[in-house]
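Remarks on the structure that follows.
Computed from the coordinates by the stated procedures, all read-outs in this text should not be read as laboratory data. Remember, it's a predicted structure, so these values are computed and weren't measured experimentally. We place every Cβ from the backbone using ideal geometry, glycine too, and count neighbours over all the protein chains shown.
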């Protein structure tokens with residue numbers, strides 16, 4: 001076990017925790033950071049690790065919104081419990097498209113689209129879309145103010161928008177927030193539903209990655225188990241702050257800043273890997 005590797009894991013956990021819930025693509029950041037600091041671990045472990053530490057981020061949402069998402073809470077009335085069950089049904093409906101197509105296309109996407117140039121392109125494209133959307137009149141008067149007002153039909157369409165995040169660099173939260181806003185949700189409702197939608201989606205992605213890791217005959221060493229748990233714990237702590245920051249931000253600002261940030265990051269990723277390829 002290396003102190004240097006521990007520091008690298010902490011950095012990756014911080015990046016994952018902060019970027020997972022922002023509409024700026026955690027994948028884009030993780031690819032760039034891993035390229036710079038490079039975990040001294042086998043590729044099979046790194047591929048699994050960069051996905052599984054998302055479990056820490058998921059736990060942050062579950063803890064922060066435990067009361068709101070708990071249909072068994074004794075503090076809730078019967079009507080509130082029914083509303084919570086209805087919310088979970090809509091979350092499940094929204095997850096169906098990603099679950100189906102994610103299972104079918106996961107290996108193909110990983111083989112053909114998981115590279116810096118695709119990530120850079122999607123960072124820039126969706127950055128432009130965020131700016132265009134915020135400059136349009138579509139988001140001026142949202143018809144859905146609270147997450148509980150999202151209908152099953154709207155939830156399904158948000159789930160279809162989430163399919164875009166199968167392309168690396170798109171950002172799961174970015175695609176769902178963008179889609180929800182187009183469908184009439186306020187920024188706050190769009191962000192909150194995106195958080196909730198991330199629980200089953202990210203858990204499923206992590207579980208799938210773990211299953212594939214072990215099916216291929218890989219095994220975790222003691223240090224690797226420690227690195228994975230440490231990464232999840234760091235991602236959890238940073239995610240709590242990240243979620244609080246984003247919800248506070250959307251009450252006062254629009255998403256144009258994130259659009260500009262995505263464009264700049266996309267150019268940086270494209271330039272870095274382009275220069276690296278030319279130099280090699």
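Look at the alpha carbon pairs under 8 Å that are at least 6 residues apart: their mean separation over the length of the range 57-191 gives a relative contact order of 28 percent. Considering only 75, 191, 120, the Gaussian network model of the chain with Cα springs below 10 Å gives its largest mean-square fluctuation to 75. Highest GNM mean-square fluctuation among 183, 208, 103, for the chain modelled with Cα contacts below 10 Å: 103. When the helices of the chain are scored as -39500 (n - 2.57) per DSSP H run of n ≥ 4 and the total is divided over every residue, the value at 222 nm lands at -25500 deg cm²/dmol. Checking the a/c ratio against 1.5 first, then a/b against b/c, what shape does the Cα gyration tensor give for the range 105-175? Taking the square roots of the gyration eigenvalues as a ≥ b ≥ c, the range 105-175 is oblate. Between rounded, prolate and oblate, where does the range 179-229 land on the alpha carbon gyration tensor, with a ≥ b ≥ c its root eigenvalues, rounded for a/c under 1.5, else prolate if a/b exceeds b/c? Prolate shape, in that a/c is at least 1.5 and a/b is the bigger ratio.
Centre-to-centre separation between the Cα atoms of the range 86-114 and those of the range 226-258: 23 Å.
Oblate is the label for the range 43-109. Its Cα gyration tensor axes, ordered a ≥ b ≥ c, give a/c of at least 1.5 and b/c at or above a/b.
Given contacts defined as C-alpha pairs under 8 Å and at least six residues apart, what's the relative contact order of the chain, whole-number percent?
Values: 385 pairs, mean separation 103.9, N = 280.
Value for the chain: 37 percent.
Between 0 and 90 degrees, rounded to the nearest ten: what's the tilt of helix 187-215 against the longest Cα principal axis of the chain? With rounding to tens, the tilt is 40 degrees.
Comparing 87, 210, 233 in a Gaussian network model of the chain, where Cα atoms under 10 Å apart are tied by springs, the biggest mean-square fluctuation is seen for 210.
Against the main long axis of the alpha-carbon atoms of the chain, helix 26-37 sits at an angle near 20°. Here 137, 171, 242 are placed in order of increasing Cβ neighbour count within 10 Å, fewest first, which gives 137, 242, 171.
Averaging the Cα positions of each part gives two centres, and for the range 157-199 and the range 1-66 these lie 21 Å apart.
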